[in-house]
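The values are calculated or read from the model by the stated rules, or taken from the named source; none is laboratory data. Note that the structure is a prediction, hence the values are computed from the model and not measured. Note: ideal-geometry Cβ built from the backbone for every residue, glycine included; neighbour counts use all protein chains shown. SASA here: full protein model, heavy atoms, side chains in, ligands and nucleic acids out. Shrake-Rupley method; radii C 1.70, N 1.55, O 1.52, S 1.80 Å.
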Number of protein chains: 2
Amino acid sequence: MTMNAAGGRRRPPTIHDVAREAGVSRGTVSRVLNGGHYVSPAAQEAVNAAIRRTGYVVNRHARSLITGRSDSIGFLLTEPQEKLFEDPNFNVLLRCCTQALAAHDIPLLLMLAGTQDERRRITRYITAGHVDGVLLVSSHSADPVAEQLHEAGVPLVQCGKPMGRGTKVSYVAADDRDGARDMMRHLLSLGRRRIGMVNGPVDTPGGVDRLAGYKEVLTEAGLEIDERLIVSGDWGRASGEAGAERLLAQAPDLDAVFVASDLMAQGVLAALQRAGRRVPQDIAVGGFDDSPAALASSPELTTIRQPWDRISAEMVRVLLAQIGGEDPAAVILPTELVKREST
Amino acid sequence: MTMNAAGGRRRPPTIHDVAREAGVSRGTVSRVLNGGHYVSPAAQEAVNAAIRRTGYVVNRHARSLITGRSDSIGFLLTEPQEKLFEDPNFNVLLRCCTQALAAHDIPLLLMLAGTQDERRRITRYITAGHVDGVLLVSSHSADPVAEQLHEAGVPLVQCGKPMGRGTKVSYVAADDRDGARDMMRHLLSLGRRRIGMVNGPVDTPGGVDRLAGYKEVLTEAGLEIDERLIVSGDWGRASGEAGAERLLAQAPDLDAVFVASDLMAQGVLAALQRAGRRVPQDIAVGGFDDSPAALASSPELTTIRQPWDRISAEMVRVLLAQIGGEDPAAVILPTELVKREST
DNA sequence: CTGAAAGCGCTTACAG
DNA sequence: CTGAAAGCGCTTACAG
């Protein structure tokens with residue numbers, strides 16, 4: 001029972017009303033609604049006119065009850081809400097996923113579940129069939145939400161490689177390790193030899209793989225791994241600032257820093273400036289992500305570009321395939337070195 | 001047809017399976033599901049055990065088909081997506097609304113509709129019954145989405161006073177005019193007499209009412225309204241910076257600025273600093289919102305606090321009442337002057 | 001307190 | 001190409 005604009009009560013028209021109005025059966029109306037196959041042009045016409053006259057809109061609940069589909073996708077962020085606003089990567093990813101879904105005319109529902117309570121509520125909501133599948137974004141290592149949704153049989157694609165037991169959960173990720181290698185080779189090619197690293201949390205795949213790339217290249221170049229050159233933050237700007245300060249204290253002779261996120265790199269730049277070190281003359285700084293933060297920095301950051309547009313498109317593709325019955329899949333996409341002013 | 005964790009196909013258990021398992025009728029299972037009224041403790045017990053054993057989860061589509069409810073609320077932002085990330089007010093409002101809904105155990109679905117195409121898609125989605133009601137956020141004057149949803153009979157509450165024809169749409173807003181008056185009286189009480197204003201867009205209610213408050217207090221104080229002292233921006237930081245530059249050029253003798261948003265006030269502070277004017281010694285600056293931007297500024301902003309927690313709680317209250325059949329309502333909440341360092 | 005039954009609004013084989 | 005009919009999984013008066 002809804003109210004129309006005039007405030008009067010009105011029963012929304014059903015397929016039955018349309019059928020009567022068009023002088024056909026309800027089956028025929030339904031066929032028109034679902035693509036117009038096996039319908040004569042005359043009937044087609046009559047039904048469309050009736051739909052217009054009655055202002056008919058399909059009742060989603062009834063349709064979904066039969067098809068088992070809701071024709072919508074959830075974009076679930078299991079992070080404190082602040083993350084969404086602080087980290088420009090989320091902004092980009094969200095926009096790209098919206099666009100990728102728009103190509104299929106599917107609306108994206110953003111779900112924020114930063115607290116335990118919200119995660120419980122949203123898990124129940126999803127499990128009950130409100131969305132056909134979930135694009136899951138979480139930088140945390142072992143996400144219980146992913147586990148629960150997967151157990152419940154909800155089609156699911158993670159952004160970034162999930163850690164832990166190699167479950168059968170789909171994911172799409174950039175090649176973190178190879179990206180780190182590219183940056184390190186770049187820094188070495190500039191003649192830098194005391195290269196520090198401000199890493200992300202080591203309980204995240206990004207933290208693990210970017211560190212691995214860092215070490216690999218140093219070893220290949222015949223350089224020692226000096227643990228005083230390695231610190232880690234939490235991906236956020238402030239932690240990059242703190243990390244750079246620790247590096248300067250532990251290894252004052254460093255001549256380059258590879259920072260595992262652009263946001264942390266902004267903090268690193270601030271700390272270096274305060275310490276009177278010039279970038280890139282004294283210390284070269286390389287970031288990771290090529291997020292909007294890279295261009296907003298001064299000097300502009302040399303960084304490793306994560307192909308968010310392709311990542312999003314692949315996440316949507318894999319998810320829709322899975323909803324269609326296909327098995328999970330993992331997709332790894334190459335990164336790209338973007339040279340700017342900071343190296 | 002969903003897949004379980006093992007990958008095998010499995011038909012999700014229905015109320016029928018639970019009834020058989022518990023040795024009762026489906027009606028009894030349904031009664032347990034809906035609050036357990038008129039059910040014996042023994043039956044209650046048996047049903048709950050059967051639910052646990054079968055892993056039953058209610059099928060939302062079937063339930064919604066009957067009740068006509070989806071038990072979820074949409075938070076719709078008809079702004080370019082960037083706004084969400086740039087303006088800290090949205091962050092606060094989103095968090096507060098989430099909390100207000102959580103008190104009713106209702107999940108919030110965030111819907112971003114910045115483009116024409118997205119607005120069309122999401123309007124159809126909402127109209128089809130996916131959500132029971134909409135919390136609408138839009139700083140624009142005449143929002144066609146609001147109109148369409150209202151026409152379709154979707155319960156709707158706007159954040160901020162809608163402009164234009166006084167439709168019967170519910171809204172919750174802070175008392176912009178009174179807030180502006182408080183700030184102006186405060187500036188006058190400090191002895192300032194050449195008070196400029198960086199206003200928001202004049203086609204928004206905020207822009208109209210805050211300007212009205214500004215002029216009112218000046219007139220009451222017997223001061224001239226000098227149009228060279230009034231400029232307007234788009235609520236964003238950059239426009240505040242540009243606005244302050246224009247003010248300094250048009251009225252170099254100004255001794256205070258009332259800025260219609262904290263975000264623009266940040267820009268104003270930057271411009272004043274660049275121009276070598278000290279705040280508050282040379283020029284006092286008052287903001288509006290008391291958003292996180294006010295504390296992030298240097299000096300910290302004196303501003304007018306919008307009571308976002310109450311605004312959110314009222315939006316939710318009015319929306320739920322409307323879903324329950326009540327008529328629309330408008331709620332205006334008082335603001336509060338917060339004195340900090342910039343005045 | 002409980003079961004049998006009707007019905008929510010749609011889709012989809014099934015006969016024609 | 002089209003209609004009559006079954007059925008999706010649930011809730012809710014209605015009798016007991």
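Using the structure shown, decide if A:A49 is open to solvent by less than 60 Å² (accessible area, probe 1.4 Å) and within 12 Å of DNA strand D (Cβ to nearest atom). Spelling it out, it is not the case that A:A49 is open to solvent by less than 60 Å² (accessible area, probe 1.4 Å) and within 12 Å of DNA strand D (Cβ to nearest atom).
For (1) within 16 Å of DNA strand C (Cβ to nearest atom); (2) closer than 26 Å to A:R310 by Cβ; (3) of a type in the set (K, R); (4) not assigned by TED's automatic domain parsing to the domain that holds A:V137, each residue gets a yes or a no:
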| position | (1), (2), (3), (4) |
| --- | --- |
| A:S25 | yes, no, no, yes |
| A:G35 | yes, no, no, yes |
| A:D87 | no, yes, no, no |
| A:T98 | no, yes, no, no |
| A:R120 | no, no, yes, no |
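Residue pairs whose Cβ atoms lie under 6 Å apart, sitting 6 or more positions apart in sequence or on different chains, and linking a residue in the stretch A:278-302 that is under 24 Å from A:R177 (Cβ atoms) to a partner that is open to solvent by 50 Å² or more (accessible area, probe 1.4 Å) and not in a loop (DSSP other than H, G, I, E, B), are A:D290/A:R305.
If you go through the stretch A:149-189 and pick out every residue that is among the basic types (K, R) and outside any helix (DSSP H, G or I), you end up with 3.
Remark: pairs (first residue in the stretch A:30-41, at pLDDT 90 or above; second residue part of a helix (DSSP H, G or I) and within 8 Å of DNA strand D (Cβ to nearest atom); Cβ separation under 7 Å; 6+ apart in sequence or on different chains) = A:V32/A:Q44. The residue pairs whose first member lies in the stretch B:63-81 and is at pLDDT 90 or above and within 10 Å of DNA strand D (Cβ to nearest atom), whose second member is open to solvent by 10 Å² or more (accessible area, probe 1.4 Å) and not acidic (D, E), and whose beta carbons are closer than 6 Å, counting only pairs six or more residues apart or on different chains, are B:S64/A:H61; B:L65/A:H61; B:L65/A:A62; B:L65/A:L65.
So which helices (runs of 4 or more DSSP H) stay within the stretch A:228-308 end to end and still have 2 or more residues that are open to solvent by 30 Å² or more (accessible area, probe 1.4 Å), farther than 15 Å from A:P88 by Cα and of a type outside the set (A, V, I, L, M)? Let's see the steps before the verdict.
Values: elements: A:237-250, A:262-274, A:292-296.
Filter on the stretch A:228-308 gives A:237-250, A:262-274.
Only one entry of B:V57, B:V47, B:V92 meets the criterion of being within 15 Å of DNA strand C (Cβ to nearest atom) and in contact with a helix residue (DSSP H, G or I) (Cβ under 7 Å, 6 or more places away or on another chain), and that entry is B:V47. With respect to the conditions (1) within 11 Å of DNA strand D (Cβ to nearest atom); (2) open to solvent by 40 Å² or more (accessible area, probe 1.4 Å); (3) without any contact (Cβ under 8 Å) to a residue 60 or more places away in the chain, B:G27 falls short on a single one, namely (2).
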